[in-house]
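Note sheet for the following structure.
The values are calculated or read from the model by the stated rules, or taken from the named source; none is laboratory data. Please read all numbers here as calculations on a predicted model, not as lab measurements. All Cβ positions, glycine included, derive from the backbone under ideal geometry; neighbour counts span all protein chains shown. Note: areas computed on protein heavy atoms with side chains; ligands, DNA, RNA excluded. Shrake-Rupley method; radii C 1.70, N 1.55, O 1.52, S 1.80 Å.
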Amino acid sequence: MFKRIFLFIILPLITGSLSLAQDKLSAIQAICQIELKNGTKEEGIISLGRIENDTHYFPNAFYVNSKGEHLLFTIDLNFRVFYPESIPGDIHFAKSISNTPKFINKVGSSGGKKVLSRKTLRDESYSLIKELVIFKSLPLAMHVDSPHKEKELTSTINLNQVKSFKLIENPSSQWLEEIKKKKAALNKKMEADKKKGNLWLNYQDPVWYHDIINDPKAFTYYSAFFK
């Protein structure tokens, strides 16, 4: 899943602390709550989106085709709650497969001075899925958007049965303990790998939506990478 080479990185065991001075962007994960039309509620973990070249976050979204109108509700740091029932139409989970924005530079003149004009081209693309997969427990590597998903840890939800979907700003003590325990287990694994000479260089611990949303400095910092 993650390339392991000759450098060891110690991960902190304390949740809630964010380091903003990073060489690369961290995956942002959130604990969400889904209420179904039958009244039952489920909680789980999702990734907010994907990272491209450590320069930009491309958030996932909900897509609704409502009476021929294409509506997109992006799951970014400003997302709070989504009520599918309030918008009649066909709903999909839109998983981002977008690429980094491209720039077109043109040098010209204005008033006898040389002028640079820059145009930004953004090609937003999404894979449309009728179901939403959430993690009921964290995998050992702590990332929930890897190509090697542990299916036994996930729950698949039919979007047609969803009444509401929201991101949790203040998770329960059970979720906080889950994150802490998985960090400890991962540190133990990395220590064992270190003794074998298998060291995790490009592993980057995910950051959490609830930590960012409750820290104004972190919110400002990470929000800039969504623009």
**Request:** May I ask for the distance between the Cα centers of the range 131-203 and the range 48-80, given as a whole number of Å?
**Result:** 21 Å
**Item:** Calculated Cα extents along the principal axes in Å (choose from [x] 50, 48, 29; [y] 58, 35, 32; [z] 65, 51, 31), label
**Value:** [z]
**Asked** Given H placed 1.01 Å from N in the peptide plane, which residues other than close sequence neighbours of Y57 have an amide H under 5 Å from its amide H?
**Response** F226
**Message:** Give me a comma-separated list of calculated 3J(HN,Hα) values for the range 85-97, in order, Karplus coefficients 6.51, -1.76, 1.60 applied at θ = phi - 60°, integers in Hz, x for any Gly or Pro.
**Reply:** 5, 6, 10, x, x, 7, 10, 9, 7, 9, 8, 5, 10
**Prompt:** Carbon-plus-sulfur fraction of the accessible area of the chain, 1.4 Å probe, in percent?
**Reply:** 52 percent
**Debye intensity ratio in log₁₀ form over the Cα atoms of the range 126-193, taken at each q of 0.11, 0.12, 0.18 Å⁻¹** = -0.36, -0.43, -0.87
**For the range 158-227, the Rg and Dmax computed from alpha carbons only, in angstrom** = 16.9, 49
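Let me know the charge dipole size of the chain about its Cα centre in debye, to the nearest 20, where only the beta-carbon of Lys, Arg (+1) and Asp, Glu (-1) is charged. Walk me through the intermediate numbers first.
Working: 33 positive and 24 negative charges, 168 e Å.
Result for the chain is approximately 800 debye, rounded to the nearest 20.
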**Complete:** In the range 34-144, taking the dipole from +1 charges on Lys and Arg beta carbons and -1 charges on Asp and Glu beta carbons about the Cα centre, the listed residue (P88, I134, H56) farthest towards the positive end is H56
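Per residue, how much accessible surface does the chain expose to a 1.4 Å probe? Answer in Å², no decimals. Kindly include the intermediate steps, with their values, before the conclusion.
On the way: 12940 Å² over 227 residues.
With all protein chains present, the chain gives 57 Å² per residue.
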